[in-house]
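**Q** Next up is a structure, given as structure tokens.
The values are calculated or read from the model by the stated rules, or taken from the named source; none is laboratory data. Just so you know, these numbers come straight off a predicted model, no measurement behind them. Reconstructed Cβ throughout: ideal geometry from the backbone, glycine too, with neighbour counts over all protein chains shown.
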Amino acid sequence: MTHLPGGLREDGPDASEAPHIGLLTQVMTQTLDQDYAAVARRRDPQVPDPSPRWRIGALSVLLVFGLMLGVSALTTDQEQPLIAAERAELIEQIEAGQSKLADQQQQLAALSDEVARMQSRLAAELTDDRLLSNRLTALGVAAGTIGVTGPGVVVTVDDARYTGEESGGVVLDTDLQLLVNGLWEAGAEAVSIDDHRLTSLTSIRLAGEAITVDYRSLAPPYVIEATGDPDTMPARLLETRGGQFWLDLKTNYGVQFEIVAKSQVSIPADLRDHLLYAAPRRAT
Amino acid sequence: MIAAFGLALGVLAGLLMEPSIPEALAPYLPIAVVAAMDAVFGGLRAHLDGVFDDKVFVISFVSNVLIAATIVYLGDQLGVGGQLSTGVIVVLGIRIFSNVAAIRRHVFHA
């Protein structure tokens with residue numbers, strides 16, 4: 001509805017409200033059939049009852065009205081138990097649904113509890129797994145079954161160069177063994193000679209004229225790589241018996257002995273990563 | 001007096017004989033009863049006003065019942081049966097109230 005200036009409505013007050021007032025007023029005021037008044041006006045006051053037939057009709061109408069009242073009262077009365085039964089059934093259904101809902105909510109709570117428990121167990125297992133795998137890694141590094149990379153030192157040794165008049169010193173297997181032991185003492189975590197990983201099963205031997213590491217012959221110069229603290233390892237190596245021995249060798253026999261600290265050395269895994277004969281003894 | 005007797009007889013007959021209403025007409029009985037009440041109270045008021053006429057009473061009763069039932073029937077067919085029932089009952093209820101008020105004025109002179 002559009003409000004125009006001055007409070008006038010577009011369709012005007014008379015057009016919209018007058019008929020409504022009229023209708024309501026009519027309903028409220030003309031409650032009696034106007035026929036009564038019309039017939040009363042027409043009627044001759046001298047004749048008391050012009051139509052006895054209609055008197056009987058009126059009586060039968062009242063009878064019918066009474067019948068209708070009785071029947072509808074009866075019907076309503078009869079329907080009441082049905083309605084009550086339906087209502088009771090609905091209430092029952094609602095209660096059943098509510099109890100089912102409560103059950104399911106309880107189940108849900110139990111299940112979410114279980115989920116939380118399983119999650120915490122999973123987290124614990126994951127932690128265990130991680131610990132286990134860390135331990136496995138550490139053991140693998142120690143056992144030599146895992147290749148490693150990291151800061152360390154590279155020690156290069158070689159036979160003495162020919163100077164012409166005398167034959168210089170030749171690096172022997174025991175020399176290398178001493179050197180490697182010195183490296184272990186100096187804190188090496190993994191050691192390789194010419195890319196052969198040294199493990200507790202690796203041999204360093206002299207076979208004929210060549211040094212073999214793990215039964216593979218090597219030729220000089222020998223490059224020994226070890227992971228460890230590159231700042232302290234060279235000094236610590238020289239303090240060991242192997243380091244002292246090699247300083248002597250260098251001084252007295254002219255063999256080459258060079259220690260270089262590196263920020264990155266790469267040491268392969270020992271290819272033989274299983275035991276041939278030994279089996280772990282089971283604790284009983 | 002005779003009228004009240006006829007009414008009571010009808011009620012008793014309805015309660016005791018338990019006449020069965022056809023299933024199709026059952027929904028229109030309540031509205032027919034309300035329409036009949038309007039005619040009956042109108043008749044009673046006319047009687048107290050001194051203008052009662054048997055013929056007018058019979059015709060108004062029958063036409064009231066038939067019109068009310070027909071309106072609701074048509075409403076049911078058109079899908080607005082509930083709303084039309086409400087409308088019919090509002091109008092008839094207002095008339096019944098007014099007539100009863102007039103009757104009350106006659107009986108208690110207040």
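**Q** Which numbered condition trips up B:ASP38, out of (1) free of Cβ contacts under 8 Å to residues at least 60 places away in the same chain; (2) under 20 Å from A:SER72 (Cβ atoms); (3) not hydroxyl-bearing (Ser, Thr, Tyr)?
**A** Answer for B:ASP38: the failing condition is (1).
**Q** Would you point out which residue out of A:VAL71, A:VAL115, A:VAL64 is within 14 Å of chain B (Cβ to nearest Cβ), out of contact with any Pro (no Cβ under 9 Å at 6 or more places or on another chain) and surrounded by 10 or more Cβ atoms within 10 Å (Cβ to Cβ)? Lay out the reasoning, then the answer.
**A** On the way: A:VAL71 fails: out of contact with any Pro (no Cβ under 9 Å at 6 or more places or on another chain); A:VAL115 fails: within 14 Å of chain B (Cβ to nearest Cβ).
On inspection, the qualifying residue turns out to be A:VAL64.
**Q** While we're looking at this one, here's another question. Of the conditions (1) farther than 30 Å from B:GLY82 by Cβ; (2) aliphatic (A, V, I, L, M); (3) within 7 Å of another protein chain (Cβ to nearest Cβ), B:MET17 satisfies every one except a single condition; which number is it?
**A** Failed condition: (3).
**Q** Still on this model: If you take the residues in region B:53-76 that are at the interface with chain A (Cβ under 9 Å from one of its Cβ atoms) and surrounded by fewer than 22 Cβ atoms within 10 Å (Cβ to Cβ), which one is nearest to B:VAL107 (Cα to Cα)?
**A** Here the answer is B:ASP54.
**Q** Look at A:VAL171 and say whether it is surrounded by 10 or more Cβ atoms within 10 Å (Cβ to Cβ) and out of contact with any Gly (no Cβ under 9 Å at 6 or more places or on another chain). Talk me through it step by step, then tell me what you get.
**A** Values: surrounded by 10 or more Cβ atoms within 10 Å (Cβ to Cβ): yes; out of contact with any Gly (no Cβ under 9 Å at 6 or more places or on another chain): yes.
Judged against the criteria, A:VAL171 is a match.
**Q** Determine which single condition B:ALA36 fails, assuming it passes every other condition in (1) within 26 Å of A:ARG53 (Cβ to Cβ); (2) modelled with pLDDT under 85; (3) facing chain A (nearest Cβ under 10 Å).
**A** With (1) within 26 Å of A:ARG53 (Cβ to Cβ); (2) modelled with pLDDT under 85; (3) facing chain A (nearest Cβ under 10 Å) applied to B:ALA36, the lone miss is (2).
**Q** Inspect region B:41-52 for any residue being within 12 Å of chain A (Cβ to nearest Cβ), more than 12 Å from the chain's Cα centre (by Cα) and crowded, with 21+ Cβ neighbours inside 10 Å and give the result as yes or no.
**A** Yes, region B:41-52 has at least one match.
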